[in-house]
Amino acid sequence: MGMFDGLNPKQREAACAGDGPLLILAGAGSGKTRTLTYRIAYLIAEKHINPMNILAVTFTNKAAGEMKERVAALVGPDADRMWVSTFHSACMRILRSNISLLGYDDRFTVYDTDDQKTTMKNVCKRLNIDTKRYKERTILSEISSAKNELMDESGYEKYVLNDFSKTVYARAYREYQETLRKNNAVDFDDIIMLTVRLFDEFPDVLERYRERFKYILVDEYQDTNTAQFELIRLLADKYKNLCVVGDDDQSIYRFRGANIRNILDFEEHYPEATVIKLEQNYRSTQYILDAANAVIANNRGRKDKKLWTDAGEGKKPVFNQFDTAFEEAEYIVSDIRHRNKMGTGYGSCAVLYRTNAQARILEERLIMAGIPYNVVGGVNFYSRAEIKDIIAYLKVIDSGIDDLSVRRIVNVPKRSIGNATLEKVLDYADARDISLFTAMCEAQDVPGLGKAASKIKVFTDMIGVLRAYRDNASIAELINKIIEMTDYEEYLKDQDEEKAEDKIGNVNELVSKAVAFCDGRPDASLSDFLEEVALVSDLDSADLTEERVLLMTLHSAKGLEFPIVYLAGMEDGLFPGYMSISSGDDEDIEEERRLAYVGMTRAEKELIMTCAKARMLRGETQFNPVSRFVTEIPSELVEGFVPGKKKKRPADDCYESDYPRRASSFSYAKKEEKPVKPVKALYTGTAGLESLGIKKGFQKAAEAAEPDYAVGDRVRHFKFGAGTVTALVREPRDYKVSVDFDAHGQKVMYASFAKLVKE
């Protein structure tokens, strides 16, 4: 048993367990992959199982390749004879040999996303479906969800029998599948569904694969959907040598169809199952684990487990609340810079957030501080396609002399202005030494354009309208007008529905950037704004050899670890999001809580959580309370003041910012960095901010008194002006007041923050 000497007792127990169903509940950082690898090695080296009788299923090709390499390092080339693959790769191999039984030619093709969109577009045309009401992407999403639940066309028709609103989807589903069959094609979701159907309809085929795969192992079992569950159940049903590894507390892909019940109900499906918990954590210190354990314990739909470590207590997690998102970002960047001066590499720091849009202000502060960084799972804010589109519109509106910007947006959204047409206009422009846009304004004089001239005129007329609008509107209002006139949000949804929400969030963040810019520089022009954007988006000077701070969403962080983790935006309404809070579905909040748990357990040495009392969304200020995920941490486990808790502690390593706090964006004078003592009040409320010369804008909600106004009263806000109170709701920590402002519309805020004065 020398091979297994490096495993802890629970890992060894899991790796060397006997036959039959085995559930390995592997907590964060508990050595899941290592244990699974040794389990396979045990089967081959100790139990002498033929590697050809082993099927190991992972979710990515990278994970499959790494697992095979690790097993080969333990048992040698025998590992090459077992199947280690993703669900889809395994099913493709099975279908290639057997799909003819289902009426397909074995030379079938797999339709990618673009193929699916084209097919559905044709389906809707044939069926006279109103695609303004029923979007092709929505129909495809509905069909995908049905397939993940193993509903074919007939099953779906029965499912929506009494739901008239979905009968259109049923018609489209049937026509779509018939089109695929005529073309001897399948889509991505069909690959698993057809394999399950093959096993259901042809028991002899199923028997053959059951005999082939007598031992089945599944990684990341908490992420499986219904179709994947049924596939594994069918294959494992004879010998029941099924080993699944996962952590229900890290199930964060419900939006992709993952069904957490698959892992939670494993023992119901297999009453004879052995369950082994891996609770020893090799990543984090105990204070971090205790805090994460306390948060996730609030979920009811979970298996009981509690992470522990022998790595020592370490530092307590830190919580800091700020008045604004700008101050939050300024603190994070200043803290990272100080740590770097003290010897901590930038690569040791990661900033995690709930939505991509939160990255913008962090990126700007990092750029201005000269700190190199990378955005993981995405691109830098100002390099994102949707941001470049809007900036290109602004450049064309501002001057129109940037041919590159004109070419970028002339078909965004699509206006059927082809390359051949553009080349003719460019030739005309070159011959007269004028800009492309000027030439487009003279399209009726360009030789050979024909009907294309009218399409160009639609574009130039729109730019003309936007230029006129610019003269009497703020930059934020201009951006919103661009979005409205181009129907840009709909364009993003048509491009890629799954990514559209994030992209729209990024565009909204650009609006917030414009509002913040104009607040600091009321007399600034559109040209000034574009100059500022060019400044903060210029990354060419970054030294690529340096270590970089990593920025990423919490979903992107799963499976990763970092010495120092900053969790930004820990506010109710942002994390958990407003939609989850307002849905009334406990599962939505529990999914968000699992995401918080994932974020907290990425930290090895230090965990710093931050939030802002006021945050801008699409140019409007929102006031949110501290995230419930922060308040669920016992006071004795966190440094810093958490509103609503009795205990107040000073935050560790709090330093003055490199830049004085001002409303304007980036015209700052350098300030010598130095530790601030005492640090008790710094970054833990308005008292600390006042000590830095910051205007006190809010009072702690805990000190809020009952408002002296009621619904229907006229009130005045220091920024939004006069308005009428439309709702007043008492909440545990404050009053939530809704006001319909005369000049700014409806706003919802907390009374103690809003400082409303009764008129």
Protection proxy ranking, peptides 256-264, 90-98, average beta carbon neighbours within 10 Å, highest first: 256-264, 90-98
Phi to ³J(HN,Hα) by Karplus 6.51 cos²θ - 1.76 cosθ + 1.60 over the stretch 356-366, Hz, x for Gly, Pro: 4, 4, 5, 5, 4, 5, 5, 4, 4, 5, 5
Amide proton proximity set for residue 83, modelled H, under 5 Å, gap of 5+: 54, 56
The stretch 382-405-the stretch 260-310 distance, computed between alpha-carbon centres (Å): 49
Over the chain: helical MRE at 222 nm, DSSP H runs n ≥ 4 each giving -39500 (n - 2.57), nearest 500: -13000 deg cm²/dmol
Cβ-defined net charge surrounding residue 461, 14 Å radius [Lys, Arg +1; Asp, Glu -1]: +3
DSSP-defined beta bridges in the chain - what % are antiparallel, rounded to 5: 35
Distance between the stretch 109-130 and the stretch 478-502 - C-alpha centres, whole angstrom: 22
For the chain: accessible area per residue (Å², 1.4 Å): 43
Ranked packing of 224-234, 629-639, 73-83, most packed first, by mean Cβ within 10 Å: 224-234, 629-639, 73-83
From phi via Karplus (6.51, -1.76, 1.60), per-residue ³J(HN,Hα) for the stretch 576-588 in Hz, x at Gly/Pro: x, x, 4, 4, 5, 5, 8, 5, x, 9, 4, 5, 5
Packing-based ranking, highest mean first, of 553-566, 322-335, 433-446, 454-467 given that Cβ atoms within 10 Å are counted: 322-335, 553-566, 433-446, 454-467
Within-10-Å neighbourhood charge of residue 187 [Cβ basis; K, R +1; D, E -1]: -3
Cα shape, the stretch 143-197, gyration tensor, a/c 1.5 rule: oblate
Three-way shape call for the stretch 151-295 based on the alpha-carbon gyration tensor, with the a/c threshold at 1.5: oblate
Radius 12 Å from Cβ of residue 45, net charge of other residues (Lys, Arg +1; Asp, Glu -1): 0
Sequence-distant residues sharing a close amide H with residue 373 (under 5 Å, placed H): 549
The chain: relative contact order in percent, alpha carbon pairs under 8 Å with at least 6 residues between: 14
Whether the chain is rounded, prolate or oblate, judged on the alpha carbon gyration tensor where a/c under 1.5 counts as rounded: oblate
Part-to-part distance (alpha-carbon centres) for the stretch 1-76 and the stretch 169-197, which is given in Å: 36
Long-range HN-HN contacts of residue 726 with modeled amide H, under 5 Å: 712, 738, 739, 740
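The values are calculated or read from the model by the stated rules, or taken from the named source; none is laboratory data. Note that the coordinates shown come from a computational prediction; the quantities given were computed from them, not determined experimentally. We place every Cβ from the backbone using ideal geometry, glycine too, and count neighbours over all the protein chains shown. For accessibility, only protein heavy atoms count, side chains too; no ligands or nucleic acids. Shrake-Rupley method; radii C 1.70, N 1.55, O 1.52, S 1.80 Å.
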